[in-house]
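The values are calculated or read from the model by the stated rules, or taken from the named source; none is laboratory data. Just so it is clear, the structure is predicted and the values come from calculations on it, not from any experiment. Glycine also receives a Cβ, built like all others from the backbone with ideal geometry; neighbour counts cover every protein chain displayed. Side chains included, ligands, DNA and RNA excluded: accessible areas come from the protein's heavy atoms. Shrake-Rupley method; radii C 1.70, N 1.55, O 1.52, S 1.80 Å.
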Amino acid sequence: MKRQQRMIPQPSTKLPTGIEGFDEASGGGLPRNRTTLVMGRAGSGKTVFSLQSIVNAARQRREAGLFVAFEESTSQIAQNAATFGWGLSALPKSKLFFLDAHLSPTVVRSGEFDLTGMLAILKAKKEEMGARWIVFDGIDVLLTLLQDPNAEMREIYRVREWLSDNELTAIITAKLDGRTLDVAPYGFMQFMVDCAIRLERRLEDGVSVHRLQITKYRGSGFAAGEFPLRIGSSGIEVTGPAPAEIRHTSSTERVSAGFERLDSMLGGGLFRGTSTLITGAPGTSKTTLAAKFAESACRRGERTLFVSFDEGADAITRNLSSVGIQLKAHVKSGVLRMYSGHTEANGPDEQLIILRSLVREHRPRCMVIDPLSAIAKAGALGTARDVASRLIYMLKDAGVTVVTTSLIQGDDPEVEATELQISTIADTWINLSYLVRSGERNRALTIVKSRGTRHSNQVRELVLNETGPMLTDVYTAGGEVLMGTLRWEKEAEETVRQKQRRTEFDHKKRELQFAEADALAQITALEIELQRKRAELALYSHHDEARSLSSTERNTDLRKLRSADPVAHRATAASLGNGRAASGSPNSGKKKTRKEARDAT
Amino acid sequence: MQRKRAKGKAASPAVATVVVMRLYISGNAPNSVRAIANLDAICKEYLKDGYKLEIVDVFEQPARALAEGVIVTPSLAKVSPSPAVKVVGNLSDKGNVLLALGIEGRAG
């Protein structure tokens, strides 16, 4: 009954180890109430792996555990564990118990022995503590003492029975070298356990490569393959498998690539959470461009991580300040974290793990890795490629917008595909090159690709000045974008031409203004003339009236004097008044009145 | 189950010291049973009454075994005279046991 159950453990019956990356690779941790065998050579991290699992269980889930040390004394183990800052000494004895099962070399052997006594002791301790975990660390040491393959087999079997009776989640570690791996009793041990893990540390191209592989997991799927492992300051970290399915969501939000003109070339900037690769020959200002991106992110107040290699952060900030990129203040405010790594110090695997923990610590929204090619410097290229793509995927999952740089020798990015083949996973690829023409080297910027973006296809000249990198205006001549002096000449020419045009325009404008003024003056003169004529007319009319009045008066007076007929006189006066009233326009009136006036006289 | 076999005190003034021993066994596991028999034979042959033996069954007294640093069974601890010595195994290798107990010479 029990045995049948053991054959088919449910996926839900896993206990997490709390070891970064391992729980992902194993689909949840170690099999609950089952036995896991951890194999590896000396120094491959077996003890750390098992101790870390059991300490995590005690700390995080209050699950008590027993640690049986066959190889090292418990004080040695405690000392080693203290360097990881797990707070081992703070854990109560009721949660974690160490059994020093390390046989002193002075012990005399006489005949066969077995583990029944030890198992009895452990059973008592387990019941006292309510322990759920047990570690047998370095069981090979004990087995060697047995000096008899049959006895070894028998004791392994005894341990197995005991473990299944006691329902403990167990980790057994065994030190193996290549030769003993498939030899009894280890072959049998691998068969008897439900989960087997191999740790390996080897040299690859002169760089230490540390790997973890799950070779067996009964009744459960697991990620096949070797996973990079690193024993860091807080214990083991494993780089889990890259997810088969891409889970990260894509954003339509645009993030500035650093400055406006580059953004407009990119159709508005970079999409958030995407990766950008800047390639270029030495000195094409890849770093400056990447740093500009970082600076603009900091200005927006977004947490940013700037990773550089083989150059101190101080030197980098100083150099960048000469091209108008000021990072110091952002470092001070905590928005920007500068990390400067040594390429030689760590293999690609370790670089990846270091970067991952940096990302976890700083939680950046934007990140620069300058150059990404640095991780390929030490170690095998295949590993480096793998690490580079894992890194990019990890950052995408975390929603980090990342700009990386990569050095290439040569001018054609298509031919000179980057060593890391990162161009295939980068969403945007900007290439910087030198264009040599007319005896000058000028920096040229091209966007090779930008996924989901209608990006500019133009080759632009990149200039650096004290305010940062800048894309110049585009001047083309004969289908070529002009750069450097040629551009400058074209610019100057354009300026002269513009000046000329302006002068011409000004001239014409002035001419027209004159003409306008002239016309106005003429209008004014005519106006004056008109006024004069009117005044003249008024004067004439006045005279005429006066004259006709005086003559009428005179006639009347004369008639009075002559005692003539008054009726005839009245009729003359009335016809005269009517004629004046009918005159509508002054001119016609004028003429009429003049005529009448003449007739009257 | 705890068997104490104190076979008298120092039997004869000629034998200066009494050998005090503790044998840790686990119930009636084959090796444990064999160890008791082997030790009995050795004691009878070489120590006569000049020894004190305590047999501790780990099944019954696990805490004590733990405190006394017993890992595998059977194992024999010589408590006195010093130096304290530990022998593991079913004691079938008589020579090693005698050497450890420092009683090799007494046979003669």
### Task
Would you tell me the mean number of C-beta atoms belonging to other protein chains that fall within 10 Å of each C-beta in A:139-147, as a whole number?
1
### Query
Taking 0.36 nm per residue of separation and subtracting the Cα-Cα distance, what length does fully extending A:ARG158 through A:ASP506 add?
114.6 nm
### Task
Working with all protein chains in place, sort A:THR424, A:THR279, A:THR476, A:THR252 by solvent-accessible area computed with a 1.4 Å probe, largest first.
A:THR252, A:THR424, A:THR476, A:THR279
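Using a probe of 1.4 angstrom, how much of the accessible area of segment B:26-108 is carbon and sulfur, in percent?
Working: 1900 of 3480 Å².
Of the solvent-accessible surface of segment B:26-108, carbon and sulfur hold 55 percent.
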### Summary
Among segment A:53-72, those whose backbone N falls under 20 Å of a label point 7 Å along Cα→Cβ from A:SER208 are A:72
### Message
Per-residue Cβ counts within 10 Å, from other chains only, averaged over B:33-43: what number is that?
### Response
1
### Task
Given a cut-off of 22 Å, name the pairs among A:LYS14/A:LYS46; A:LYS14/A:LYS126; A:LYS292/A:LYS449; A:LYS125/A:LYS216; A:LYS175/A:LYS216; A:LYS125/A:LYS175 whose C-alpha atoms lie farther apart than that in the structure shown.
A:LYS125/A:LYS216; A:LYS125/A:LYS175
### Query
Can you give the average number of partner chain beta-carbon atoms within 10 Å of each beta-carbon in peptide B:68-80, as a whole number?
5
### Task
With only Lys, Arg, Asp and Glu charged, each at its Cβ (+1 for the first two, -1 for the last two), find how big the charge dipole of segment A:467-553 is about the Cα centre; round to the nearest 20 debye.
220
### Task
Mind ranking A:LEU199, A:LEU103 by accessible surface for me, highest first, 1.4 Å probe?
A:LEU103, A:LEU199
### Task
Estimate the FRET efficiency between A:ILE425 and A:THR485 by the formula 1/(1 + (r/R0)^6), using the beta-carbon distance for r and 51 Å for R0, to the nearest 0.05.
0.85
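At R0 = 35 Å, how high is the FRET efficiency between B:GLU68 and A:SER233 if r is their beta carbon distance? Nearest 0.05 is fine.
For B:GLU68 and A:SER233, the calculated efficiency is 0.35.
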### Task
May I ask for the net charge around A:MET129, where only other residues with Cβ less than 12 Å from the Cβ of A:MET129 are counted and Lys, Arg are +1 while Asp, Glu are -1?
+4
### Task
Quote the total accessible area buried by chains B and A together, excluding ligands, DNA and RNA, probe 1.4 Å, nearest 100 Å².
1900
## Note on the structure
In the neighbourhood of A:LEU305 defined by beta carbon distances under 14 Å, the net charge of the other residues (Lys, Arg +1; Asp, Glu -1) is +2
### Query
Largest first, what is the accessible-area ranking of A:THR116, A:THR467 with a 1.4 Å probe?
A:THR467, A:THR116
### Peptides ranked, highest mean first, by Cβ atoms within 10 Å: ranges A:57-63, A:164-170, A:89-95
A:164-170, A:57-63, A:89-95
### Query
A:HIS543: accessible area at probe 1.4 Å, nearest 10 Å²?
100
### Query
Round to a whole number: what % of the accessible area of segment A:515-557 belongs to carbon and sulfur, probe 1.4 Å?
59
### Query
So how much accessible area does A:PHE309 have, in Å² to the nearest 10, using a 1.4 Å probe?
20
